[in-house]
Amino acid sequence: MSFTKSRSSIRVTDRCEPCTRRVATRKRIAVLTERGVYGQPVVPAEPLTVQCQGCGHSFETFSVDQRYCTLECRLTHQRELVNRKTSKRCRGCEADMSEIKFKHYCPRCRPENYEPQQYEGRCSDCAVVFVSTDRTHVRCPRCEAAETRRVAARVRAKRQMVKDIERARAAGVPFESVKRSEVYEKHDWMCGICGEAIDPTLDQDHPKSLTLDHIVPISRGGAHTYANVQPAHRVCNVAKADRLPGELVVAAAQKIEGGASGTDPRLQSRSLSPFFPKGV
């Protein structure tokens, strides 16, 4: 429902303003045709007797479009129409229910054992028959919840793709639209740094949760393309930081041979397991 504001009134309509004007023009032509004055002079030779739509009294006018006796009567009637269509009213007695929690009937008209009407339908996904109070539902509650989760996952993936592209564009490196789900399935959900399996059901704050790693970091000129990305544990991705694959192995060897002294400070507080790629 939308409100179209004219010079002297407010009309309630479910159309946009251009469509409302076209419909109003068609209605006006239909009324004039019905009265037999379409194509004739707008001002009739004799006054017309018209019944006011606001107060109901009859009045005489030379205008074929006038429906109210006075401007005040017109404004009052159209305000009532707006309030009637926008307010919540009882289906039984038309009482105002704006401050009542019931949906359709006021306490006086509501039956003692009132229950919403039940509609039976068949789920479009699993073909199970279910009962709902809304006839527009096409899925059972279980499939509806699953569809909600799938839609939310697609929205999160789309937002993450846009963030990745914006990051690559800001760094001035080549990029393409990389779908993370395709990358994860291509690598069989295996971490590209430590070679262990990744559990996709873990929370994002978990150290072993799923992340996307750039083999050649973007900060060192790596592109955001399918050839330069791989899945990784969060802890492995953080431990790798901005190193190249060769530097990662050398740094791990230095930590083993020389201990914490004389090595990269980023290695001193981290475990050794993330620094060993599969087969190293």
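Note down the nm distance, to one decimal, between modelled labels 7 Å out along Cα→Cβ at residue 166 and at residue 76.
5.6
Could you order 32, 244 by accessible surface area, starting with the largest, using a probe radius of 1.4 Å?
Of 32, 244, the descending order of accessible area is 244, 32.
Between residue 155 and residue 20, with labels modelled 7 Å along Cα→Cβ, what's the label distance in nm to one decimal, could you check?
Going by the 7 Å Cα→Cβ label model, 3.0 nm.
Residue 146 versus residue 125, label points 7 Å from Cα toward the beta carbon: distance in nm?
The two pseudo-label positions are separated by 0.5 nm.
Can you tell me which of 137-144, 166-173 comes out highest on packing, and rank the rest after it, using the mean Cβ neighbours within 10 Å?
137-144, 166-173
The values are calculated or read from the model by the stated rules, or taken from the named source; none is laboratory data. Only a predicted model underlies this, so the values are computations on that prediction, with no experimental measurement involved. We place every Cβ from the backbone using ideal geometry, glycine too, and count neighbours over all the protein chains shown. Note: accessible area is taken over every heavy atom of the protein model, side chains too, but ligands, DNA and RNA are not part of it. Shrake-Rupley method; radii C 1.70, N 1.55, O 1.52, S 1.80 Å.
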